[in-house]
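Worksheet for the structure shown next.
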Amino acid sequence: MTFRAVEVLNQADLILAEDTRTSSVLLNHYNIHKPLSPYHQHNEHKIVDHLVDQLEAGKQIALLTDAGTPGISDPAFLLVRACIKKGVKVECLPGATAFVPALVNSGLPINRFCFEGFLPLKKGRHTLFTRLAEEERTMVFYESPMRLVKTLADCITWFGENRMCCVSRELTKKFEENARGSLKEVHDHFASKTVKGEIVIVIAGKD
């Protein structure tokens, strides 16, 4: 949390939060007491025009997500696009984004990479893997703990068990873990334990 972020939140007329309960903990810690409203993937389409109307009327609105940076596999795109169309000023404050330290920690080439976010659960998954099988850049994915082992197994099927990878878990937190090795080694490592926390998978591109 930067000094500037605290200042901006204190100056906001309204704070949008992906989960108001989670954000309340952060705001209370910094003694920030501002109106808080939910903004997430289930309501953003419905309220984006109303929010832009408020911004055009002179209100200052800040957007928080539960973790990471808004817009990176989190809500923000629709609101930013709508603001730009209406000529409303948008500022993005630097903050933690999990895939950046995961890339650096991986030990894999990071001069060129592609960020794919969360893989499709069913529809489009086969098509995406077919395309990525020929990808030469380092690939970065987000994944949930409950689906990690299955996704690693799918990656073995499409990329081969010897493809190098790194799975980073709970980055910058107390129980941070970076498991490096071949896809098979990392798959077997996580298959033998209960996986918790937020996950980033980094996989080497095709040689």
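For the reader, a short list of remarks on this structure follows.
- Kyte-Doolittle mean at least -1.0, axial Cα span of 15 Å or more - DSSP H helices of the chain: 44-56, 148-159
- Taking each DSSP H run with n ≥ 4 as -39500 (n - 2.57) and averaging over every residue of the chain yields -11000 deg cm²/dmol at 222 nm.
- Cα gyration tensor category, rounded, prolate or oblate, for the range 1-77 with a/c compared to 1.5: oblate
- Among the lysines of the range 124-207, pairs that are 8 or more positions apart or on different chains and have alpha carbons within less than 27 Å of each other number 15.
- The charge dipole of the range 99-203, taken about the Cα centre with unit charges on the Cβ atoms of Lys, Arg (+1) and Asp, Glu (-1), comes to about 280 debye, rounded to the nearest 20.
- Across all Cα atoms of the range 58-161, the radius of gyration (one decimal) and Dmax (whole number) stand at 16.8, 56 Å.
- Cut-off 14 Å between beta-carbons: net charge of the residues surrounding Gly117, Lys and Arg +1, Asp and Glu -1: -2
- Answer label, with semi-axes √(5λ) of the Cα gyration tensor in Å calculated from the coordinates and candidates (i) 36, 19, 15; (ii) 29, 17, 16; (iii) 23, 20, 19: (i)
- Positive minus negative residues near Asp207 (Lys, Arg vs Asp, Glu; Cβ under 13 Å): 0
- Think of each Lys and Arg Cβ as +1 and each Asp and Glu Cβ as -1; about the Cα centre, that makes the dipole of the chain roughly 200 debye.
- GNM on the chain, alpha-carbon springs under 10 angstrom: the most fluctuating residue among Glu176, Glu185, Glu161 is Glu176.
- Quarter of Cα convex hull surface for the range 99-203, i.e. mean projection, nm²: 5.9
Just so you know, all these numbers are worked out from the coordinates, no wet-lab data involved. Here the structure is a predicted model, which means the values were calculated and not measured. So basically every Cβ, Gly included, is an ideal-geometry build from the backbone, and we count neighbours across all protein chains shown.
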